[in-house]
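To keep things clear, I will list the structure first and then write my remarks on it.
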Amino acid sequence: MPTLVTGAAGFIGAAFSRRLLERGEEVVGVDNLNDYYDVSLKQARLARLESQPGFHFEKLDIADRQAVAELFARHRFERVMHLAAQAGVRYSLERPDVYIDSNLVGFGNILEGCRHTGVAHLAFASSSSVYGANSKLPFSERDNVDHPISLYAATKKANELMAHTYAHLYGLPVTGLRFFTVYGPWGRPDMALFKFTQGILSGEPIPVYNRGEMIRDFTYIDDIVEGMVRVLDRPAEPNPEWRGANPDPATSAAPYRVYNIGNNRPVQLMHYIKVLEQCLGKQANLDLLPMQDGDVPATAADVTALETDLGYRPSVTVGEGVARFVEWYMDYYNVSD
């Protein structure tokens, strides 16, 4: 039985699908190929997948209830990795409606598909943004996350609540993955590394928010994918020690689990930029700006649970990861030294 990967033309979805295909699995990938960023990059990612045996693509909008129901009825998936969503914290300030359609309505449709076809495990993308106004570092899955500061974050928190409800009512094993600032080859053009690289190479100023006084738990794509594979291979189970009198937000009496996937070695944003400058051999022209609404000054992942339960801890350093991204970027965009 195939595995469904939603958002298969996206940065993480394409990398994850490729990993499953390399293991000899069948993958059905869906994506609506929207124009939030360069569609040709999404199509290039898909082309790499479609060259592999075992991959089947369907263009589909997860907000279309009937289309999603028919997809699940056709394929009878054993497992689902749900990554399709409207991404980006800042864009949610401009177009909240898009986030409601994709991240809430769309996720509800995926849950219904899983429920009605007996999916054995649903894993889905949450985000470190759910930690919102929290200031205790590192962020732990056992922290309260009731104070999101962007609609994007609120939709991801809502996804976790919706997933828990389906785990409780219908026994659907679900696992939420809180990703921390993913970067690497084939990444998204709206992310900082992409923008910084474009700006440095063109000599244009690069926007640096909070005047560079930011800390991020930058996590390389291969580390993210390894964590995802291990999670999907281990369906969530009820925690026999869970008690309503002292509820653990990361687990449940239902088959529900939440994991952070982060590098666990946060770095200063200015250090990240310096590493990029070294890789490009050019100095950045910094446009130091105030903090943007919806953003947070620091993120750091506690990955104790990931290591304890799944025997995995991300390991790629920022130096290694940025160098690999630059190598890919120069080749993909045919940039001469």
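The values are calculated or read from the model by the stated rules, or taken from the named source; none is laboratory data. Note that the coordinates shown come from a computational prediction; the quantities given were computed from them, not determined experimentally. Heads up, the Cβs are rebuilt from the backbone with ideal geometry, glycines too, and the neighbour counts pull from every protein chain shown. Heads up: the accessible areas ignore ligands, DNA and RNA and are worked out on the full protein's heavy atoms, side chains in. Shrake-Rupley method; radii C 1.70, N 1.55, O 1.52, S 1.80 Å.
Evaluate the range 49-58: report whether one residue or more is without any contact (Cβ under 8 Å) to a residue 40 or more places away in the chain, assigned to a strand (DSSP E or B), crowded, with 19+ Cβ neighbours inside 10 Å and hydrophobic (A, V, I, L, M, F, W, C).
Looking through the range 49-58, at least one residue is without any contact (Cβ under 8 Å) to a residue 40 or more places away in the chain, assigned to a strand (DSSP E or B), crowded, with 19+ Cβ neighbours inside 10 Å and hydrophobic (A, V, I, L, M, F, W, C).
Can you name the number of the only condition in (1) surrounded by fewer than 21 Cβ atoms within 10 Å (Cβ to Cβ); (2) in contact with a Phe, Trp or Tyr (Cβ under 6 Å, 6 or more places away or on another chain) that Thr219 fails?
(1)
For the range 230-263, enumerate the residues that are open to solvent by less than 50 Å² (accessible area, probe 1.4 Å) and within 30 Å of Phe325 (Cα to Cα).
Listed by number, the residues that qualify are Val231, Leu232, Val258, Tyr259, Asn260, Ile261, Gly262, Asn263.
What's the number of the condition Gly29 fails, among (1) open to solvent by 20 Å² or more (accessible area, probe 1.4 Å); (2) of a type outside the set (S, T, N, Q); (3) in contact with a strand residue (DSSP E or B) (Cβ under 9 Å, 6 or more places away or on another chain)?
(1)
Quick test for you: out of Arg115, Arg74, Arg142, pick the one residue that is in a helix (DSSP H, G or I), of a type in the set (D, E, K, R) and in contact (Cβ under 8 Å) with a residue 24 or more places away in the chain.
It is Arg115.
Restricting to the range 236-252, name every residue that is small (Gly, Ala, Ser) and in contact (Cβ under 8 Å) with a residue 24 or more places away in the chain.
Answer for the range 236-252, where residues must be small (Gly, Ala, Ser) and in contact (Cβ under 8 Å) with a residue 24 or more places away in the chain: Ala236, Ala250, Ser252.
If you take the residues of the range 90-134 that are open to solvent by 40 Å² or more (accessible area, probe 1.4 Å) and among the β-branched types (Val, Ile, Thr), which of them is nearest to Val5 (Cα to Cα)?
Val105
Could you say whether any residue in the range 38-45 is among the β-branched types (Val, Ile, Thr), open to solvent by 20 Å² or more (accessible area, probe 1.4 Å) and modelled with pLDDT of 95 or more?
yes
Looking at Arg18, Arg65, Arg76 in this structure, which one is under 27 Å from Asp190 (Cα atoms), open to solvent by 60 Å² or more (accessible area, probe 1.4 Å) and not hydroxyl-bearing (Ser, Thr, Tyr)?
Every option except Arg18 fails the conditions.
Among the residues of the range 150-173, are any of a type outside the set (Asp, Glu), part of a loop (DSSP other than H, G, I, E, B) and either at pLDDT below 95 or in contact with a Ser or Thr (Cβ under 9 Å, 6 or more places away or on another chain) (or both)?
Yes, the conditions are met somewhere in the range 150-173.
What helices (runs of 4 or more DSSP H) lie completely within the range 257-337 and have 1 or more residues being among the small types (Gly, Ala, Ser) and touching a residue at least 40 places away in the same chain (Cβ under 8 Å)?
Passing ranges, in order: 304-310, 318-332.
Among the residues of the range 197-214, is any free of Cβ contacts under 8 Å to residues at least 40 places away in the same chain, out of contact with any Pro (no Cβ under 9 Å at 6 or more places or on another chain), more than 20 Å from Asn144 (Cβ to Cβ) and in a helix (DSSP H, G or I)?
Looking for residues that are free of Cβ contacts under 8 Å to residues at least 40 places away in the same chain, out of contact with any Pro (no Cβ under 9 Å at 6 or more places or on another chain), more than 20 Å from Asn144 (Cβ to Cβ) and in a helix (DSSP H, G or I), one finds at least one in the range 197-214, hence yes.
Considering only the range 157-182, state which residues are open to solvent by 10 Å² or more (accessible area, probe 1.4 Å), more than 17 Å from His121 (Cα to Cα) and in contact (Cβ under 8 Å) with a residue 60 or more places away in the chain.
Phe179, Thr181, Val182
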